[in-house]
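This report concerns only the one structure given below.
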Amino acid sequence: MAELGATLHARLAAIVGDAHVLTAPADIAPFLVDWRDRYHGAAHAIVQPATTPEAAATVAACVAAGVAIVPQGGNTGMCGGATPDGSGNTVVLSLVRMNRVRAIDRANATMTVEAGTPLATVRQAATNAGLDFPLSLASEGSCTIGGNLATNAGGTAVLRFGNARELVLGLEVVLADGTIWDGLNGLRKNNTGYDLKQLFIGAEGTLGIITAAVVKLFPQPRTRVTALAAIPSVSAAVDLLGRLKNLLGDRLTGFELMSGFSLALSRSHSPALPDPLPGHAWYTLVQVDDTAIDTPLRESVESALEASVSDGVVLDAVVAASDTQAARLWALRENISEAQRREGPNIKHDISLPVSGIPAFVDECGAALAAAFPGARLVVFGHLGDGNLHYNLSAPKGEAAAGFMANGEAANRLVHDLVARAGGSFSAEHGVGQLKRAELKKYKSPVELALMRTVKAALDPHNMMNPGKIL
């Protein structure tokens, strides 16, 4: 095995350069643990190609040596999908050097970008071109567009623009035998057989490695209104969502639900953040955008909120008076996940439900969890506009978080059974990775699982691409 390792190392170094084949323990350590510090793996090496041909040659060399490949972007995933197993017989193919914006076609409103490009860089490049790329996540400074596509990321603008797969027109992919599929086109109509790109979006690198994409761009919003509203219940949030959708149509870009406890947790770890409406059980954060400059958008939002206060749907509200105030309100929401991470291990659920079913679910599931785990603190927040909740449990105050994690399986079963009964999904936007493989087997039908295995066997018959993930 040592001889094989030396031979493979030499081949990889010849492809990408010796400086980009990392093997020293201190150098590879950050690539072997997931963002949540839940999964720790081992690898023969970390290889960092700079071009698609280098990535393809890396895959071919690994396959020839019988060494599996684990693709990795910004390593910000929540389900261990980019972390290798503990065998050490893998190579982590890090895409961080493949970080170029190859082209922007303003007339076609598209951008061709490499997979290792940070999402924030993609968004800024669109802005610099006078356009907008609407995928927005709290981790956009460190997550990469390839990882976003591999997990079919959601984010805060799904209500208006859809998930990541709906923002992609073409892909470039390195397949499991090291060949390259060049599907980079900016066509909005291309009715020539199977839509192959959709096989790789959301597949978490188990079918091939996304190396570049053509993504859709949109007109820049020129008027933006951000508001925080305190509400009496989740039912009231659904009521407010309906009112704003009827009034504003597709100008309603984001509609976030947050429990009072989740905001308190966010502020406890970032005390400089604002607290404009203290003391309420539930909040919604609303963002409304318009491409027109002279539009009474703010007046429309304020009028809708005032009417909702009169009707008892909203208890109190504040509308940001500047971009700085809006950013600070969004920071309250975006810092919740980081605050939870600092607080210690917690039991996470990334679920989706029909919007109409969320109030009943929150009531029923909250009561069931309180009975099963007395004192457990629920951290509930998410993208109510598209039915996605991050429904998480923290240890009771004073109880060690690590010990509380032993309840994970029981909590998952309780939450996910109720989600399934309501016609929902146990994974809305974080993917499956290692964390939810058993859940996939439990909640997917035999027909669905068989179809997925058929696709996997056809595209990766030797199980070289990200083994141990999803299936």
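Residue by residue through the range 342-366, note down the ones that are in contact with a strand residue (DSSP E or B) (Cβ under 8 Å, 6 or more places away or on another chain) and surrounded by fewer than 19 Cβ atoms within 10 Å (Cβ to Cβ).
Matches in the range 342-366: Glu343, Gly344, Gly366.
Go through the range 149-167 and give me each residue that's touching a helix residue (DSSP H, G or I) at 6+ places or on another chain (Cβ under 6 Å) and either more than 25 Å from Val67 (Cα to Cα) or free of Cβ contacts under 8 Å to residues at least 60 places away in the same chain (or both).
Asn152, Ala153, Val158, Leu159, Arg160, Ala164
For the range 150-267, please list each of the helices (runs of 4 or more DSSP H) lying entirely inside it that holds at least 2 residues being of a type in the set (Gly, Ala, Ser) and surrounded by fewer than 23 Cβ atoms within 10 Å (Cβ to Cβ).
Working: elements: 158-161, 197-200, 234-248.
Filter on the range 150-267 gives 234-248.
What residue, of Ala428, Ala401, is crowded, with 22+ Cβ neighbours inside 10 Å and not basic (Lys, Arg)?
Ala428
Within the range 186-208, count every residue that is more than 19 Å from Gly73 (Cα to Cα) and among the basic types (Lys, Arg).
2
When the range 15-50 is examined, which residues are found to be assigned to a helix (DSSP H, G or I) and surrounded by 14 or more Cβ atoms within 10 Å (Cβ to Cβ)?
Those that are assigned to a helix (DSSP H, G or I) and surrounded by 14 or more Cβ atoms within 10 Å (Cβ to Cβ): Ile15, Val16, His20, Ile28, Phe31.
If you scan the range 389-439, which residues turn out to be farther than 19 Å from Gln340 by Cβ, touching a residue at least 12 places away in the same chain (Cβ under 8 Å) and charged (D, E, K, R)?
Arg437, Glu439 - these are the residues of the range 389-439 that are farther than 19 Å from Gln340 by Cβ, touching a residue at least 12 places away in the same chain (Cβ under 8 Å) and charged (D, E, K, R).
Determine which member of the set Thr211, Thr179 is closer than 28 Å to Gln124 by Cα and assigned by TED's automatic domain parsing to the domain that holds Arg160. Quick ask: steps written out before the conclusion?
Values: Thr179 fails: closer than 28 Å to Gln124 by Cα.
Of the residues listed, the single one that is closer than 28 Å to Gln124 by Cα and assigned by TED's automatic domain parsing to the domain that holds Arg160 is Thr211.
Based on this model, can you work out whether Ala126 counts as touching a helix residue (DSSP H, G or I) at 6+ places or on another chain (Cβ under 9 Å) and either part of a loop (DSSP other than H, G, I, E, B) or crowded, with 18+ Cβ neighbours inside 10 Å (or both)?
For Ala126, the condition - touching a helix residue (DSSP H, G or I) at 6+ places or on another chain (Cβ under 9 Å) and either part of a loop (DSSP other than H, G, I, E, B) or crowded, with 18+ Cβ neighbours inside 10 Å (or both) - is not met.
The values are calculated or read from the model by the stated rules, or taken from the named source; none is laboratory data. If you're wondering where the values come from, they're calculated on a predicted model, not measured in any experiment. Don't worry about glycine lacking a Cβ; one is built from the backbone with ideal geometry, like all the others, and counts go over all protein chains shown.
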